[in-house]
Structure formats: C-alpha cells, structure tokens
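J.: The following block contains the structure, expressed as structure tokens.
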Amino acid sequence: MDFITEAAVKAVKHLYQTDISPNAIALQETRKEFEGQVTIVTFPFTKFSRKTPEQTGTEIGEYLLGNLSEISAFNVIKGFLNISLRDAYWIDQLYDEILHQDFAVSKPNGKKVMVEYSSPNTNKPLHLGHVRNNLLGYSVAQILDAAGYEVIKANLVNDRGIHICKSMLAWQLFGNGETPESTGMKGDHLVGKYYVIFDKEYKKEIEFLKSEGQTEEEAKKNAPLIKQAQEMLQKWEAGDEEVINLWKTMNTWVYDGFGKTYNRLGVDFDKFYYESNTYLLGKDIVEEGLEKGVFFEKEDGSVWIDLTEDGLDEKLVRRSDGTSVYMTQDLGTAQLKYNDFHMDDSLYVVGNEQDYHFKVLFLILKKLGKSWAKGLYHLSYGMVDLPSGKMKSREGTVVDADDLIDEMEQTAKEQTEALGKVTDLTEEGLLELYHTIGMGALKYFLLKVDPKKRLLFDPNESVDFQGNTGPFIQYTHARIKSVLSRAGVDYAAKTGITEIAPVERDLILALTQFPTIISEAAKGYNPALIANYVYELAKTYNKFYHEKSILQAEDEMLKIFRLQLSSASAKVISRAMNLLGIDVPERM
C-alpha cells in the first residue's frame, strides 16, 4: 500500500515540517477487534509533533482522509491510527490485481541460488529426519523460484566411507547373493538390512573380546569385522576392481530405492553431487590456504586453521598422513558448486546438530578470500519426534520414510471413510486421493512450524479435516471447486458492483497479502509463513462461504462477483499449497 505510505510521509512534512523516509512508516493489518483494515503506528512521530500519540494520530488521520479518496474513515486507539478503505478500493484490487494471470508472479530478479537438501547416506533408507529435510528444501526452492530467483536444487550424496563398507561387507558375508529382485525388497531397504546385520554381528564380537579380557575401546578396535571394513575402505580408495564393482552394484540398488521414495514424497533435484567424486577436492584448497598464511602446518605434518580469535577453536583441515577430513571435502565441494553455477547464494539444508560445522566452513571460506562465501547460508532445522508407540520402524531404531508414507495414506483412508467423504471415485482414484490427503497432511504439519523448532509429529492429528491442517485447506479448495462447477454461468466479465459486505472485503484483503507473504518467506527461507497464511485464507473463505449465499445470491451480478471471489481464492490456495509441495484435489 505504497499510496498510504507516500501520503503519510507528506502528512508529516505538512503537519510537522519534517522529512522522513518511507521506511519510517510502519503499516500493519488492523487487529480484528478494531474498525479498519490498515494501521499506522504513530509513536515514532511524537518527537516531531511534540503531542501525544493520540493527538498525532488524529492529525495524520484527518490529513489522509482529506487527501486520499480511497479512505472512508479512521479511528485512533492510543498510538495506532486505524484506517478504513472504501469498498471501491477493494473491488478494484480484485479486478485490477488479484484476478490477473500474473498476480503474485515475480519477474526474474537476475539472481541465482542453489538449495542443497536431502544429502542421504547410501547405507540405509531415508528416515523421518530426511523427510523434514527433503520437504523443507523442496519448499524453500519453490518459494525462491516464485520470488524471481533462478533455483538449482542439488543433492550431495554420501556414497563413500566406512559406513558404506559396513553394508557391503555384511552383504558379502551374510547375503547369500540376495538382490532386490530375488527378495522383492526395495534396494535401499535391502542395503539397510545389511547395515543393521553388520551392527549386530559387530556388537557380538565386541562382547566376545570383552569376555576375553579386552577393554571396550580395545574390543571395538580389534573386532575382526571392523578391521575387515577398514581394509575394504582402503581397497576402495586404492581402486580395487572387485570392491568397486560391489560398491557400484549396491549403490545402484540404493539409488533406485531412493528414487521411488523421492517420487512418493514429490521432490526432485536438478543436480547430484557424489562424495565419491568430491572427497579429494579439498586438497588444492589446503595448499592455497597454506600459501595465503590462512592455514598452518604442525610438526607432525598436519594442517590446521586457528579460529580462536573468532570465538571458535583450532580446526584440523588435513591429517598428518595427508588424508582429508570432512571439512576439507566440504571446502572443495563448495568451490566446485560455485565453479559449476556461479550462484549468488547457496543454502545448505542440514539439521541443527551441524550448526558448528557450518560456522567453521563459512568462516574458513571467507578467510580464504572467496567472494562468494558471503552468500552461503545454513538453513538449520530441528528434529522431528513422534508420540511413543505411534509408529514402529523396520529396524526398531528410526522411522523409515516409506513406512511413514504408508502410515499417512492409511490414516487418510480411515479418516476419509469415517467422515463418509468417499465420493464415487474408482479404486485407482481413491488410492490417489488417499496419497494426496496423506502427503498433504504430512507436508503441511512439518512445514507449518518454523524450521528451527523441534516438533512433535502426530499422524492422526495431522490428517484431521478441521483445524490448522493440510486436509482442512485441501477440503476448502475442493469445496470451492464444487461451487464453481455448479455455477451454471460465465463469471469472467467484470461486474458493476459498488458495495461489498465486510466478510467479502476481509477475503479480498487476505488475497492481496499473498505477494508480500511470498517475498517474506523467500527472504527468511521460511515455508511456515506460507503455511500459516494459506490456513488463515482458508478460514476467511469458509467464513464468507457460511455467511453469504453464492449460487443463490440476491441478484445475478452479486452471484458473479462471489463466484469471481471464490475462483480467486481457489487459485491462491492452490498456488500457496504448491509452494509447500502439496497437491490440492478437485474433489474430496
């Protein structure tokens, strides 16, 4: 509402002979208990007016009422100037802005951003933590795209290391040649099964060695299985053909399994990076850091960086035997990603247990003089907990992503059938509907909370058709589509309506906020802003739906206007949910 801001700047100039910046004008939505739609906070202006906040608000309000034809009335509550806008203003907003094809569509801003998310290990299936990661990363990418960025969705796959060798070795020792085809198991589940088997057998060996008199630490180091796994890793790094072929085979199984899970989650990627290709990349950066005096070498040949002056500690970047550590690899991968895409910003969607790692990584890159390091950002998120006993994982330790999706579809089916909302859909149509509702419930529940917060996820609560849930919003969309399909008239043309009801004005006001919400969500990398906005919009539409007759409106012009308002609401709800990666069904 720039016109109000501009007029308020002129009011302060006219009334108090003071020039102020438009940024000094704080506009906000008027609280529901007061008259008006827009509020100006007047406390900051009392230093110019030398009057009370109430007197200052009244003077500015009178100036605005006299100079802006869009304003119909104002009232002042303490230091808040509440402004009411004429019906004509809101009607124009609907026809001139909201109903246009390009409403809330940002022009390209010329900036490029990479969003890296998922980052799975190839020794086990995706789990509940990965689900929040994937949904958050995908949604942020969608929001940035809507805000005008060119977005690259990247996935850095952790496909090497001792943990990968553990699955490979266990399959070699205990697998009897099992394959996904021979067992009917998804490839990632099969490989995960052998990771669990390794752990069980390793623990048995530790207990045996302890019974022979070794300490816990000695037993962990001396257990034959761990020694064999370490030997396999050395062979892998040396390029042993047999080990490499086994690694490629089992990784293929895992990637196939991941692909199926990603498809069910509704997420995708533009670029894959693999740690098997990037783990040596940091070596050049270590040499660069030594040359620049950013790193230093200790007597044993190890290379470090001293970050104590920055409130951190000394950090190892290369071991004394010349091998790299994770930090070195991440330094090299960061450079590779920039070389590939030259993006302005790069987001890492990684859990908050890695907060310290990313502080160090970004600081090192800045100290190395990487100009692009200022655009790096760690989108840190909290863990997801489940009510105890709600779900059991396949291995009994973490909740498997595929099990969670199955559970959500089943819960959606039970809730839908209990409410008698099953329509005359085919069996295939019903399965698709249960998936849409189940995934909508899961995604909305995980995304409506600020990413930084830890959250408790209850599958049953998330599929409730009432309250702040995905299915409630999906049902609102289906309700609107049902009204529009029964309209029986063409509602494309502009009406000559001049007056609207408060509930209609409130709905238009809610719709006008969508572009600002997208912008704010993009700036804060926060899908929760979109989620809570679309919930409020759905509530506002339902209030309108219950208070005003649409298809039985008093006259044809009013009917068409309300159909237009309904159509605009459906489009914004659909688009907002799409930014969360959620589909909205036409029927429910």
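J.: Could you say whether any residue in the range 19-40 is over 30 Å from Ala501 (Cα atoms), of a type in the set (Lys, Arg) and not assigned by TED's automatic domain parsing to the domain that holds Pro502?
T.: Looking for residues that are over 30 Å from Ala501 (Cα atoms), of a type in the set (Lys, Arg) and not assigned by TED's automatic domain parsing to the domain that holds Pro502, one finds none in the range 19-40, hence no.
J.: Only residues in the range 209-236 that are in contact (Cβ under 8 Å) with a residue 40 or more places away in the chain count as the first member; pair them with residues that are surrounded by fewer than 19 Cβ atoms within 10 Å (Cβ to Cβ) and among the small types (Gly, Ala, Ser), Cβ under 8 angstrom, at least 6 apart or cross-chain, and list the lot.
T.: Leu233/Gly161
J.: Return the residues of the range 273-311 that are in contact (Cβ under 8 Å) with a residue 24 or more places away in the chain and of a type in the set (S, T, N, Q); say none if nothing qualifies.
T.: Once the filter is applied, which keeps residues that are in contact (Cβ under 8 Å) with a residue 24 or more places away in the chain and of a type in the set (S, T, N, Q), the range 273-311 yields Ser276, Thr278.
J.: While we're here: Going by the structure shown, is Glu299 outside any helix (DSSP H, G or I) and either in the same structural domain as Gly440 (by TED's automatic domain parsing) or more than 29 Å from Met185 (Cβ to Cβ) (or both)?
T.: Answer is yes for this residue.
J.: When the range 81-98 is examined, which residues are found to be closer than 18 Å to Thr516 by Cβ and touching a residue at least 24 places away in the same chain (Cβ under 8 Å)?
T.: Ile83, Leu85, Trp90, Gln93, Leu94, Glu97, Ile98, listed by residue number.
J.: Taking the range 87-113 only, how many residues are closer than 30 Å to Thr261 by Cα and touching a helix residue (DSSP H, G or I) at 6+ places or on another chain (Cβ under 6 Å)?
T.: Here the count works out to 1.
J.: Failed condition for Val267, given (1) part of a loop (DSSP other than H, G, I, E, B); (2) within 27 Å of Arg318 (Cα to Cα), with all others met?
T.: (2)
J.: Does Leu126 meet the test of being crowded, with 17+ Cβ neighbours inside 10 Å, within 30 Å of Tyr273 (Cβ to Cβ) and of a type outside the set (Asp, Glu)?
T.: Against the criterion (crowded, with 17+ Cβ neighbours inside 10 Å, within 30 Å of Tyr273 (Cβ to Cβ) and of a type outside the set (Asp, Glu)), Leu126 qualifies.
J.: Please go through the range 1-42 and give me each residue that is free of Cβ contacts under 8 Å to residues at least 40 places away in the same chain, more than 42 Å from the chain's Cα centre (by Cα) and in a helix (DSSP H, G or I), ordered by number.
T.: Residues satisfying the conditions are Lys13, Tyr16.
J.: Can you pull out every residue in the range 496-508 that is surrounded by fewer than 18 Cβ atoms within 10 Å (Cβ to Cβ) and not charged (D, E, K, R)?
T.: Residues satisfying the conditions are Gly496, Thr498, Ala501, Pro502, Val503.
J.: Of all residues being among the hydrophobic types (A, V, I, L, M, F, W, C) and assigned to a loop (DSSP other than H, G, I, E, B) in the range 73-120, which is farthest from Tyr255 (Cα to Cα)? Just the residue, please.
T.: Of everything passing the filter in the range 73-120, Leu99 is farthest from Tyr255 (Cα to Cα).
J.: If you don't mind, another one. For the range 426-461, enumerate the residues that are surrounded by 15 or more Cβ atoms within 10 Å (Cβ to Cβ), assigned to a loop (DSSP other than H, G, I, E, B) and in contact with a strand residue (DSSP E or B) (Cβ under 7 Å, 6 or more places away or on another chain).
T.: The answer is Val449, Pro451, Phe457.
J.: Could I ask something else about it? I'd like to check something: does the range 43-66 contain any residue that is in contact (Cβ under 8 Å) with a residue 60 or more places away in the chain and over 36 Å from the mean Cα position of the chain (by Cα)?
T.: Yes, that holds for at least one residue.
J.: For the range 468-477, indicate whether the set of residues that are over 14 Å from Asn542 (Cβ atoms) and assigned by TED's automatic domain parsing to the domain that holds Glu547 is non-empty.
T.: There is at least one residue in the range 468-477 that is over 14 Å from Asn542 (Cβ atoms) and assigned by TED's automatic domain parsing to the domain that holds Glu547.
Each row is one residue, and each column tells you yes or no for (1) buried (at least 23 other Cβ atoms within 10 Å of the Cβ); (2) closer than 25 Å to Gly524 by Cα.
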position	(1), (2)
Val105	no, yes
Pro108	no, yes
Lys112	no, yes
Tyr117	yes, yes
Ala147	no, yes
Glu150	no, yes
Asn155	no, yes
Gln172	no, no
Leu190	yes, no
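J.: In the range 326-339, what count of residues is obtained for those that are within 11 Å of Val286 (Cα to Cα) and either part of a loop (DSSP other than H, G, I, E, B) or hydrophobic (A, V, I, L, M, F, W, C) (or both)?
T.: So the answer is 2.
J.: Could you list, in sequence order, the residues of the range 359-387 that are under 20 Å from the mean Cα position of the chain (by Cα) and more than 15 Å from Val115 (Cα to Cα)?
T.: Of everything in the range 359-387, those that are under 20 Å from the mean Cα position of the chain (by Cα) and more than 15 Å from Val115 (Cα to Cα) turn out to be Gly382, Met383, Val384, Asp385, Leu386.
The values are calculated or read from the model by the stated rules, or taken from the named source; none is laboratory data. None of the values given here were measured: they were computed from a predicted structure. In this analysis, Cβ positions are derived from the backbone assuming ideal geometry, glycine residues included, and neighbour counts consider all displayed protein chains.
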